[in-house]
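The structure under discussion appears below in the form of structure tokens.
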Amino acid sequence: MRSIVIISASIRTNRESHRAALFFKKFITENNIASAAMVDLHELDFPLFHERLSHQTNPIPAAIEFSNNIQQADGVIVVTPEYNGGYPASLKNAIDLIYNEWHRKPVGIVTVSDGVFGGTQVITSLQFTLWKMRAWTIPAMFPVPKVKETFREDGAPTDESTNKRAHLFMNELIWCMDAVEKMKAV
Ligand SMILES: Cc1cc2nc3c(=O)[nH]c(=O)nc-3n(C[C@H](O)[C@H](O)[C@H](O)COP(=O)(O)O)c2cc1C
């Protein structure tokens, strides 16, 4: 079975974007799309970046686990809020820890805000960073505007249209994951 890791990027007190991460975990599992594991940066609580994991002499277990999770995943969904037009420091702090793990990794980006634009200004900076690291960001977006109106606290969507959008988004990610899998067999 395919495996997808969902990175929940916000570590903010009383964060709201985690609702979207909870939604995707449940959506992927309930629709038998893949196994879904949450990588919650709030829980991991990484120290501020000092060096890449591969260059550390005594890495913390959580960083090694993070590396293994990304390495082993067939695909990754990054759920990120928009902070002042960019993605949060917590996400860059984690992305930079690893490098080869991102190579040819299909990545879908879910952007979140409490406003009407759904955090879409994050896309260019996050896509560029992931491209630099040779990840394969998929050409599909999943903006979440007015996050508290879109999802309940447990991630349940308030509107059926969210499920329809999620299917379209997941189809793109799965296509890319399958393409990578096929190339591995060549
Ligand atoms: C530091 C900070 C900066 C923000 N900047 C933006 C912004 O540029 N555009 C936007 O639409 N919302 C912005 N917001 C609102 C967030 O999108 C909203 O609070 C969202 O819920 C944040 O995700 P989180 O609750 O998971 O941290 C900002 C919020 C914070 C805390």
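The values are calculated or read from the model by the stated rules, or taken from the named source; none is laboratory data. Given the structure is predicted, the values throughout are model-derived calculations rather than measurements. Counting neighbours? That spans all protein chains shown, and the Cβs are built from the backbone with ideal geometry, glycine included.
Between Asn58, Asn32, the distinction of being part of a loop (DSSP other than H, G, I, E, B) and on the phi > 0 side of the Ramachandran plot belongs to Asn32 only.
This table checks each residue for (1) surrounded by 14 or more Cβ atoms within 10 Å (Cβ to Cβ); (2) in contact with a Gly (Cβ under 8 Å, 6 or more places away or on another chain).
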{"residue": "Val76", "(1), (2)": "yes, yes"}
{"residue": "Val79", "(1), (2)": "yes, no"}
{"residue": "Ala94", "(1), (2)": "yes, no"}
{"residue": "Gly119", "(1), (2)": "yes, no"}
{"residue": "Leu130", "(1), (2)": "yes, no"}
{"residue": "Glu149", "(1), (2)": "no, no"}
{"residue": "Leu173", "(1), (2)": "yes, yes"}
{"residue": "Met183", "(1), (2)": "no, no"}
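State whether one or more residues within the range 106-128 are at pLDDT 95 or above, of a type in the set (D, E, K, R) and away from the ligand (no atom under 16 Å from the Cβ). Within the range 106-128, not a single residue is at pLDDT 95 or above, of a type in the set (D, E, K, R) and away from the ligand (no atom under 16 Å from the Cβ). Against the criterion of being among the small types (Gly, Ala, Ser), under 15 Å from Val78 (Cα atoms), within 16 Å of the ligand (Cβ to nearest atom) and touching a Leu at 6+ places or on another chain (Cβ under 9 Å), Ser10 qualifies. A count restricted to the range 90-137 and to residues that are basic (Lys, Arg) and without any contact (Cβ under 8 Å) to a residue 12 or more places away in the chain stands at 1. When Asn14 is tested against the conditions (1) in a loop (DSSP other than H, G, I, E, B); (2) of a type outside the set (Asp, Glu); (3) in contact (Cβ under 8 Å) with a residue 12 or more places away in the chain, the lone failure is (3).
If the condition is being among the aromatic types (Phe, Trp, Tyr), in contact with a helix residue (DSSP H, G or I) (Cβ under 9 Å, 6 or more places away or on another chain) and not in a strand (DSSP E or B), then the range 95-151 contributes Tyr99, Trp102.
Within the range 21-42, is there a residue that is without any contact (Cβ under 8 Å) to a residue 24 or more places away in the chain, more than 16 Å from the ligand (Cβ to nearest atom), charged (D, E, K, R) and surrounded by fewer than 20 Cβ atoms within 10 Å (Cβ to Cβ)? Within the range 21-42 (the criterion being without any contact (Cβ under 8 Å) to a residue 24 or more places away in the chain, more than 16 Å from the ligand (Cβ to nearest atom), charged (D, E, K, R) and surrounded by fewer than 20 Cβ atoms within 10 Å (Cβ to Cβ)), the answer is yes, since at least one residue qualifies. Filter the range 63-94 down to the residues that are away from the ligand (no atom under 16 Å from the Cβ), under 17 Å from the mean Cα position of the chain (by Cα) and not in a loop (DSSP other than H, G, I, E, B) and list them by number. Matches in the range 63-94: Ala63, Glu65, Phe66, Ser67, Asn68, Asn69, Ile70, Gln71, Gln72, Gly75, Val76. Per the listing Met177, Met170, Met183, the residue uniquely under 20 Å from Ile70 (Cα atoms), in contact with a helix residue (DSSP H, G or I) (Cβ under 9 Å, 6 or more places away or on another chain) and part of a helix (DSSP H, G or I) is Met170. Taking the numbered list (1) more than 14 Å from the chain's Cα centre (by Cα); (2) surrounded by fewer than 17 Cβ atoms within 10 Å (Cβ to Cβ); (3) within 16 Å of the ligand (Cβ to nearest atom) in turn, Ser54 passes all entries but (3).
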